[in-house]
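Quick notes on the structure that follows.
The values are calculated or read from the model by the stated rules, or taken from the named source; none is laboratory data. Owing to the predicted nature of the structure, the values given are computational and were not obtained by experimental measurement. A quick note on method: Cβ atoms are made from the backbone with ideal geometry, for glycine too, and the neighbour counts reach across all protein chains shown. Surface areas here come from the heavy atoms of the whole protein model, side chains and all, with no ligands, DNA or RNA. Shrake-Rupley method; radii C 1.70, N 1.55, O 1.52, S 1.80 Å.
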Amino acid sequence: MKRDGIFTSDPLALDVIATNPIASVVSNPRLPDNPIIACNQAFVDLTRYGEEEILGRNCRFLAGSGTEPWLTDAIRKGVQQRKSVLVEILNYKKDGTPFRNAVVVAPIFDERNELVYFHGSQVELEEGAEAPMLTRRVRAAEKVKTLSKRQHEVLTMVAGGLRNKQIAYELGLSEKTIKMHRGLAMEKLGARSSADMIRLAVEAGI
């Protein structure tokens, strides 16, 4: 099923990446081998694989002969520990073209604090870019510094995979107040979606 540039049969998974303009997938850790259950058109365009070649597979299918095994392990450990992770890894498009991929993988929890999804976003890095990860980390950290203490708290919990209702409970605030702080944080960060917000947080080391 395709809706608004997103391929999935899971309406909740669709919601995770509904407004994300960068290449994104959602995987289901409750299924064997944590398969992709949703992807957007940007991911199709980046990898050149079709929807039917993506859904149902683990993201490892982008690996190839030059993919760094220690970075693959870093992603695997992040998934096992249910923590956000950022790596710049060598991946391959369908036609065999290698590309340096800045990958962020972050957990998504439900209101009972049960792990329901992992959200993955990918950005192709320019060839020959000098210390791209360092540059992105510095830029993200500078943006995060503009947040108020409360906005920083909300951002940290969003990056940890919590929903608004959970954050409200943890901070002892109303859900309406959390939504306000979240919106202000997104505006200051220049984030176009919640997924973009999570990516910036992970890049900043939160």
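Using the Cα centre of the stretch 35-171 as the reference point, and only Cβ charges (+1 on K/R, -1 on D/E), how large is the resulting charge dipole? Debye, rounded to the nearest 20.
Taking the Cα centre of the stretch 35-171 as origin, the dipole is about 540 debye.
Which order do peptides 197-203, 186-192 fall in by mean Cβ count within 10 Å, highest first?
Ranking, from highest mean packing down: 197-203, 186-192.
In nm, give the distance between the simple-model label positions of R112 and Q80, each being 7 Å from the Cα along the Cα-to-Cβ direction.
2.7
On average, how much accessible surface per residue is there in the stretch 70-206, in Å², for a 1.4 Å probe, leaving out ligands, DNA and RNA?
53
Counting pairs of alpha carbon atoms under 8 Å apart in space and at least six apart in sequence, what relative contact order in percent does the stretch 8-80 give?
24
Could you tell me which of M180, A140, L14 has its Cα farthest along the dipole of the chain towards the positive end, charges placed at Cβ (Lys, Arg +1; Asp, Glu -1), taken about the Cα centre?
Selected residue: M180.
Sorted by accessible area with a 1.4 angstrom probe, largest first, how do Y117, Y169, Y92 fall?
Y169, Y92, Y117
Rounded to the nearest 0.05, what FRET efficiency is calculated for K145 and E187 with R0 set to 22 Å and r the Cβ-Cβ distance?
After rounding to 0.05, the efficiency reads 0.90.
Could you tell me how far the Cα centroid of the stretch 28-52 sits from the Cα centroid of the stretch 182-200, in Å?
So the two Cα centres are separated by 23 Å.
Would you work out what percent of the accessible area of the chain, with all protein chains in place, is carbon or sulfur (probe 1.4 Å)?
Roughly 52 percent of what the probe reaches on the chain is carbon or sulfur.
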